[in-house]
Amino acid sequence: MLSSGLLRLAVALACLFSLAGPGLAADIETFAQARDRLLAQDARLARDNAALTGDETLRTGEVVLNLDARPVRLGQGPGWLFGIVMANGDKRVAFVAQDGTTRFAPTNALPSGLSPLPALGTTADVAPVDSLEAAKAALTNRLLGHSLQGRRVYAATTKVADTASLALWRTTVTLSGGPGWLFFIDDAPAANWEHPCRFALVAESGEIQVASARTPPKDMAGFTELTVWPPAGAPASQPAAEARIAAPTADAATDAGHRYAVILSGGYNQPNNHIRYWNDCAYFFNTLKANGFLQENIFVLFADGTDPAVDNFLGENSNTDFNNDGTPDIGYSATKANIATVFNTLAGKLGSEDILYIFTTDHGGAGEGNTPPYDTTDVVLYLWGESITNTEFAAEVNKVTTKATVAIFEQCFSGGMIEPLKAPNRVLMSAARFWELSYAMGPDYTVDEFAYYATQALADTAKGDSNADGIVTMEEAFLYALGKDSVQSEDLSDDGSGPANNGEHPSYFSNPWNLGRQLALGGSFPAAKAPTSGGYSQYQTGDTFPIGATDQGWNGTDQSWPLTLPFAFPLGGQRYTTAHVSSHGIVSFASPVNSGYNTVDGLAACVAVAPLWDRLTTAGAGNDIAVAASASSVTIAWKAATVTDARPVNVAVRLYPSGAMRFYYGSGNQHTTLVAQRDKTIGVSAGSASTRLLGLRNGLPDLGNASALLIQPATLPPPTVGRPWQSLLLN
């Protein structure tokens, strides 16, 4: 792995690792060190010459600021508060705790009491190092901001004489400048691979050479970890299969002989085959079995398959029996050849009466040449020691004729798996969009968050059955997982290893539009009721984008304007005759919403309808908000642009006296690629998660000329006109 002439450091490592533990990371003891930590957590601050302010007062307890008429929670003290103004004018607040935890939040205005800080630059001095321990201290203090918290850091077991060259999963990395000590830094350990990471060579002179990467080395045998992960303590052994599965309350609608499933997880190699992938697959497998799936109709491709060798992160061989019934459930290793074998087998078995369910987890990445900000949907799914592209995987799936095909993709960049699979009679969902990471669920990271909640909905009607009809459909499972997903940040991180999203935004596709509300693990239920949430149901309609509304001269950013309604609009048991129309694509019936920083949890805190809540501006030539009002409806239309990158947005909402509303989408509305604040929230809320409905278009990158979405009280009869959700295609 490393160049010749390297010196063994076993004794030094043994001494160093004896200190390893949660307390190994250096504490942040001073305001100056907190500032260093802030700069280490976001390389853009120095690179873009951001203006920093700060408060040297040590804050204790929970840190909650009232900014933009909303509470901004920054975690737990003790620690120090900072303000940031980027070169483009974007503002953020940040809190650096003494344990190294650093939290950022975007804001329209900085809090008072912050003082300007001097020019950017670390306070740590460059000094020669003569040991691994001294090299680790230099790395910690000068590159990582005095703390290893929130990262996994590894040291090579050999000292570099001159140059280190390492094979990664799909590329190589080379660092020169030795003699010195080599480190591998995982900057986002809660995320699945691929994600930003770094290799650092600390030379005896004290200089640090850094190379950015997206995957760890193929061979981690030459490295030993200096940190402990997960922070809450790793499980001592492989846990039993997920047990929280309830028997379905409705009889299957499709015979078990016509329902098939493929479960796929590669893990890539032993150090990166985390126990959460086995747990994800076991939970889904056992949920299938509870829903009557035949053993011979479930095809499981997992890691190295039935090979008895050690294959997982815990240093164990993965249990091939997901439900402890004595029958092996894992039948294949996760390789391209075996994927072809399985889908060839299915092609010979399935026909127009059969339903195929596909579930994938583990790691994913961008396709060759698809670099940040990821302008194309080319992605890969990692297998055992290899990868398969989204187009190659789609070609395998397309071999099989079915009545319907369902797919749930958990891995990073999973939204890209949907693109080549778009076709009639398919329901597809992903944990992340085609440029995003996906995340495990803390604190112990033994499951992946989106996969866990989607499966939980399917496994337990008490959780997933939103309309109490005894059936949990794929649409209900997606909406349940969307509402539960806690990794909702719109911000980006860039600590020197490249940009990455700090949140995941699940996406959904169904063609025809209502197929997802007819398909469950029990098969096809054509008469299934529409899912409900917060007392509402949603439907797609063929209504055209409204015209003829009158411009109001409401031009601005981070502003709202009052609107008197010609009728009392019912929402959440109240009736409202006035509203606040925000520049950010949201209409509030309580406090005005003057912030475009949005999440699905943020919508739950509002009393509002949101056809496309985002950080928008109606300032600028040609932009405005138009209104048309009558006794039968009120239409509000935005001609706006995204603040971040001036992309055109044309959306509208029409309110009815019944409490129903229609969301309309005109030209533009393309929320694609890796850009800070690149998301929107769509739905309605009466002030809590229990009174909120999330639109199925949350997370979709392209809503240009999308069909209208009708949201109405669930007590109203469903509309008689609808058409396939072609607008839900992930373009």
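Footprinting exposure proxy ranking of Glu296, Glu204, Glu194, fewest other C-beta atoms within 10 angstrom first, gives Glu296, Glu204, Glu194. Summing +1 for each Lys or Arg and -1 for each Asp or Glu among the other residues whose beta-carbon sits under 11 angstrom from that of Gly180 gives -3.
Over the C-alpha trace of segment 537-728, radius of gyration and Dmax come out as 15.0, 43 angstrom.
Counting only Cα atoms, segment 396-527 measures 52, 35, 22 Å along its principal axes, largest extent leading. Put in order of Cβ neighbour count within 10 Å, fewest first, the listed residues Ser510, Ser265, Ser497 become Ser497, Ser510, Ser265. Can you list the residues of segment 357-397 with backbone N under 18 Å from a point 7 Å past the Cα of Asp219, pointing along Cα to Cβ? It comes to 385-386, nothing else. With all projection directions averaged, the alpha carbon convex hull of segment 50-116 covers 4.1 nm². With a Förster radius of 45 Å applied to the C-beta separation of Gln209 and Thr341, the computed FRET efficiency comes to 0.50. Relative contact order for segment 269-358: 30 percent, from Cα pairs under 8 Å spaced at least 6 residues apart, divided by residue count. Here the gap between Ser632 and Val310, fully extended at 0.36 nm per residue and compared with their Cα-Cα distance, gives a gain of 109.2 nm. Relative to a virtual label point 7 Å from the Cα of Glu296 in the Cα→beta-carbon direction, which members of segment 260-283 show backbone nitrogen distances below 19 Å? Those under the cut-off are 260-263. Which whole-number percentage describes the relative contact order of the chain, with Cα contacts under 8 Å and a sequence gap of 6 or more? So the answer I get is 10 percent.
Rounded to the nearest angstrom and listed largest first, the equivalent-ellipsoid semi-axes of the chain from its Cα gyration tensor are 42, 36, 20. Could you give the distance between the Cα centres of segment 478-531 and segment 160-181, to the whole Å? The two parts, judged by their Cα centres, are 40 Å apart. When the C-alpha to C-alpha distance is required to be over 23 Å, the pairs from Lys463/Lys680; Lys349/Lys399; Lys463/Lys484; Lys91/Lys136 that qualify are Lys463/Lys680; Lys91/Lys136. Computed from the alpha carbon atoms alone, the convex hull of segment 256-528 holds 128 Å³ per residue. The alpha carbons of segment 463-559 occupy a box of 49, 47, 25 Å along the principal axes, longest dimension given first.
Where a number appears in this text, it was derived from the coordinates with a stated rule and is not lab data. All values derive from a computational prediction rather than experimental measurement. Here the Cβ is made from the backbone with ideal geometry for all residues, glycine too, and neighbour counts use every protein chain on show.
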